[in-house]
Amino acid sequence: MCGIVGAVAKNDIVTTLLNCLQCLEYRGYDSSGIAVLEAPQVLRRLRAVGKIDNLRTALQDFPLAGKVGIVHTRWATHGAPTEANAHPHFSQNEIAVVHNGIIENYYELREELQGAGYEFHSETDSEVIAHLIHKYYQKTHNLLQAVHLARQCLSGMYAIAVIHASEPNRLIGVRQGSSLVVGFGENGHFIASDCVALTSVAEEFIYLQEGDLVDIYDTQVVIYDNECQLVEREQQILHFSSEAIERGVYKHYMQKEIFEQPYAVANTFAECLHSNLISDGTFSVAAKELFPKVKRIQIVACGSSYYAGLVARYWFEAIANLPCRVDIASELRYQKTVIEPGTLLVAISQSGETADTLAVVRQAREVGYLAWVAISNVAASALMREADLAFLTHAGIEIGVASTKTFTTQLVVLFLLSITLGEYNGLDEQRALQLTQALRNLPAQLEQTLVLDAVLQKLAKKFITKQHALYLGRNICYPIALEGALKMKEISYIHAEAYPAGELKHGPLALVDENMPVVVLLPKDELVAKMESNIKEVQARRGEVIVFADSSLDCSELGDVMVIKMPEVIKEVAPIVYTLPLQLLAYHTAVQKGADVDQPRNLAKSVTVE
Ligand code: G6P
């Protein structure tokens with residue numbers, strides 16, 4: 001969480017830094033701050049609680065100017081979102097630091113530094129970094145050496161950017177567990193948590209590796225590894241279309257991203273399917289050797305990615321005939337599990353940065369997995385770069401904090417992976433063709449679900465006055481009920497819970513009355529009759545039922561329920577299709593409640609801390 005940007009530029013950089021920072025607001029938005037070197041020995045800062053716009057407003061009253069600066073947008077971990085806890089943190093008005101991550105030994109360091117006479121002005125773990133660097137600067141009078149010495153005392157995960165009042169043309173960044181990129185621009189050189197922040201100022205980038213320290217001095221950029229040895233890192237040219245990061249005609253990024261799904265899904269399978277056959281290169285050449293050895297699957301993920309994993313379990317078992325287990329990363333990392341020979345670990349993460357997911361995969365070899373596959377939307381993320389096999393979802397940049405198109409494109413990749421593994425495991429050729437054809441049909445079917453927008457906008461009116469909502473699904477659509485409820489919770493703050501419909505009478509039925517809207521997913525499968533009974537059980541308790549039903553089903557017997565007709569699809573791809581109306585329902589509910597759809601309270605898109 002938290003976003004950082006820093007620059008050493010030829011001209012005043014304040015406005016540019018804020019514009020860049022705004023692109024990182026998805027990482028946290030409870031406070032922000034800036035520090036600039038206005039002149040040698042003149043280090044000034046401004047901080048504001050709330051979103052970056054508040055900092056912009058504050059800057060109108062207290063303008064800053066300078067060519068070297070650092071900025072930060074915060075998602076609070078240690079200490080409330082107050083101005084004192086906002087970054088940059090200073091030491092003796094000489095050093096300014098911004099930090100993304102967590103310093104695990106901050107308490108000991110704080111005591112030690114207090115003992116040495118340093119005064120602390122915040123409750124954060126981050127402030128120790130500034131004082132520690134200051135302590136070493138007193139000995140070395142060299143910022144590069146001071147940062148190098150200080151980092152050796154820090155444990156935890158962090159990306160930092162540091163400037164010093166006596167070294168006016170220098171910016172130092174360190175990547176240790178949290179992402180950091182270097183951008184080379186016309187007006188100077190930059191560092192940032194994500195290259196998305198630098199699209200307007202740079203086209204050439206270096207993705208720093210774990211342990212790298214970058215020293216930007218005037219126009220020079222020098223990189224050192226963990227041992228302080230000079231290293232060369234590959235410079236990449238990246239072009240971002242401005243469309244990808246603009247809202248266009250949409251009111252919110254989330255709305256734009258929901259509507260982009262037919263295209264995002266098509267884009268994700270486009271390169272893999274040739275005449276309905278999955279092309280050989282899809283999962284890389286190494287996959288050819290690896291996949292025949294796979295005997296079982298272990299999926300690991302968090303949030304919506306975990307729900308994508310739950311859907312995939314059904315596919316791996318039913319299509320690929322492979323036993324599959326799915327775990328939440330924050331649980332799995334501290335659990336003793338029995339890993340059977342031939343287990344392939346599949347890590348799913350839209351950001352590719354989630355701390356818990358990374359922790360699990362980094363132990364993968366040691367604990368005995370056959371290999372591990374990464375599925376992410378960020379090609380340069382740590383997850384993708386460290387994986388044995390990496391598969392990119394081509395969703396395009398997703399800015400809304402709640403996952404939408406990254407979720408459905410993850411499902412597409414997992415579906416393809418299950419067919420590919422199935423082909424090594426006795427999946428009938430005709431069946432494989434039927435499944436890939438179903439995938440090809442998806443973009444058009446997703447378009448059909450988007451036509452429901454107006455109906456769902458109207459339906460949302462029913463939800464805005466409710467405190468709770470229940471979502472029911474069975475089998476492969478149960479995880480979609482979970483995802484639909486999660487979307488509702490995240491952005492509209494209505495308590496929404498999902499249950500496998502068969503569990504209804506084991507508890508949640510006690511909550512059902514005329515105030516409880518119950519959303520039911522009714523794809524065409526062998527469980528329709530069971531679901532109809534569950535609907536009757538809810539109706540008998542005066543619960544208000546909204547059914548998303550396959551259009552080929554006759555729902556007349558259901559009586560007084562609202563039926564929303566869904567495209568006719570085979571049950572295997574129903575999870576992808578049924579996700580969209582639930583996203584739209586949550587979206588419209590949140591909009592009508594006046595909630596901040598793209599930046600829901602207390603959340604962030606990239607969860608880089610435990
Ligand atoms: C955050 C995001 C969710 C996401 C989850 C897992 O909570 O807001 O949308 O599902 O993190 O993130 P990952 O990047 O690992 O998929």
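For residues in segment 113-130 being farther than 18 Å from A146 by Cβ and not β-branched (V, I, T), which is surrounded by the fewest Cβ atoms within 10 Å (Cβ to Cβ)? Even if it seems obvious, please write down each step before you answer.
As a first pass, look at segment 113-130 and keep what is farther than 18 Å from A146 by Cβ: 114-115, 119-125.
Then keep just the ones that are not β-branched (V, I, T); that gives 114-115, 119-123, 125.
Details: Q114: 13, G115: 8, E119: 10, F120: 16, H121: 12, S122: 18, E123: 14, D125: 23.
Among those residues, the one meeting the criterion is G115.
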All strands (runs of 3 or more DSSP E) inside segment 54-107 with 1 or more residues being hydroxyl-bearing (S, T, Y) and assigned by TED's automatic domain parsing to the domain that holds E119: 68-74, 89-91
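Which helices (runs of 4 or more DSSP H) does segment 257-327 wholly contain that include 2 or more residues that are outside the structural domain of A355 (by TED's automatic domain parsing)? Explain how you work it out, then say what you get.
Details: elements: 261-270, 285-290, 303-318.
Once the helices (runs of 4 or more DSSP H) in segment 257-327 are filtered for at least 2 residues that are outside the structural domain of A355 (by TED's automatic domain parsing), nothing remains.
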In segment 517-575, residue surrounded by the most Cβ atoms within 10 Å (Cβ to Cβ) [restricted to those that are outside any helix (DSSP H, G or I) and of a type in the set (S, T, N, Q)]: S551
For T589: the one exception among (1) within 16 Å of the ligand (Cβ to nearest atom); (2) crowded, with 23+ Cβ neighbours inside 10 Å; (3) β-branched (V, I, T): (1)
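Determine, yes or no, whether L582 is closer than 23 Å to C302 by Cβ, outside the structural domain of L472 (by TED's automatic domain parsing) and either free of Cβ contacts under 8 Å to residues at least 40 places away in the same chain or within 16 Å of the ligand (Cβ to nearest atom) (or both). Don't jump to the end; show me each part of the working.
Working: closer than 23 Å to C302 by Cβ: yes; outside the structural domain of L472 (by TED's automatic domain parsing): no; either free of Cβ contacts under 8 Å to residues at least 40 places away in the same chain or within 16 Å of the ligand (Cβ to nearest atom) (or both): yes.
When the stated conditions are applied, L582 does not pass them.
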Segment 398-409 residues that are farther than 16 Å from M1 by Cα and touching a residue at least 24 places away in the same chain (Cβ under 8 Å), paired with ones that are within 7 Å of the ligand (Cβ to nearest atom) and part of a loop (DSSP other than H, G, I, E, B) (beta carbon under 7 Å, 6 or more apart): T406/Q350
Matching residues in segment 352-383 - criterion: being surrounded by fewer than 20 Cβ atoms within 10 Å (Cβ to Cβ), of a type outside the set (K, R) and assigned to a helix (DSSP H, G or I): A359, E366, V367
Residue selected from segment 363-376 under the condition within 20 Å of V338 (Cβ to Cβ) and without any contact (Cβ under 8 Å) to a residue 60 or more places away in the chain, by the criterion nearest to the chain's Cα centre (by Cα): W372
Any pair with Cβ under 7 angstrom, 6 or more apart, that starts in segment 330-356 at a residue that is closer than 27 Å to I102 by Cβ and of a type in the set (D, E, K, R) and ends at one that is in a loop (DSSP other than H, G, I, E, B) and more than 9 Å from the ligand (Cβ to nearest atom): E353/S179; E353/T608; D356/R333; D356/E610
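Say we look at segment 323-343 and pick out the residues that are of a type outside the set (A, V, I, L, M, F, W, C) and within 16 Å of the ligand (Cβ to nearest atom); which of these is farthest from E257 (Cα to Cα)?
Taking segment 323-343 first, the residues of a type outside the set (A, V, I, L, M, F, W, C) are 323, 325, 327, 330-331, 333-337, 340-343.
Retained after the next criterion (residues that are within 16 Å of the ligand (Cβ to nearest atom)): 327, 330-331, 333.
Details: D327: 27, S330: 28, E331: 30, R333: 32 Å.
Restricting to residues being of a type outside the set (A, V, I, L, M, F, W, C) and within 16 Å of the ligand (Cβ to nearest atom), the top hit is R333.
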Some residue of segment 344-351 being away from the ligand (no atom under 13 Å from the Cβ) and surrounded by fewer than 24 Cβ atoms within 10 Å (Cβ to Cβ): no
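Any chance you could count how many residues in segment 297-317 are among the aliphatic types (A, V, I, L, M) and either surrounded by fewer than 17 Cβ atoms within 10 Å (Cβ to Cβ) or farther than 16 Å from E572 by Cα (or both)?
Adding up the residues that qualify gives 4.
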Condition broken by R110, with the remaining ones in (1) buried (at least 18 other Cβ atoms within 10 Å of the Cβ); (2) part of a loop (DSSP other than H, G, I, E, B); (3) of a type outside the set (S, T, Y) satisfied: (2)
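Test L238 against the criterion of being farther than 19 Å from E104 by Cα, in contact (Cβ under 8 Å) with a residue 24 or more places away in the chain, in contact with a helix residue (DSSP H, G or I) (Cβ under 7 Å, 6 or more places away or on another chain) and buried (at least 21 other Cβ atoms within 10 Å of the Cβ), and give yes or no.
Details: farther than 19 Å from E104 by Cα: yes; in contact (Cβ under 8 Å) with a residue 24 or more places away in the chain: yes; in contact with a helix residue (DSSP H, G or I) (Cβ under 7 Å, 6 or more places away or on another chain): yes; buried (at least 21 other Cβ atoms within 10 Å of the Cβ): no.
Answer is no for this residue.
The values are calculated or read from the model by the stated rules, or taken from the named source; none is laboratory data. Quantities reported herein were computed from a predicted structural model and do not represent experimental measurements. Using ideal geometry, Cβ is built from the backbone for each residue, glycine included, and neighbour counts are taken over all protein chains shown.
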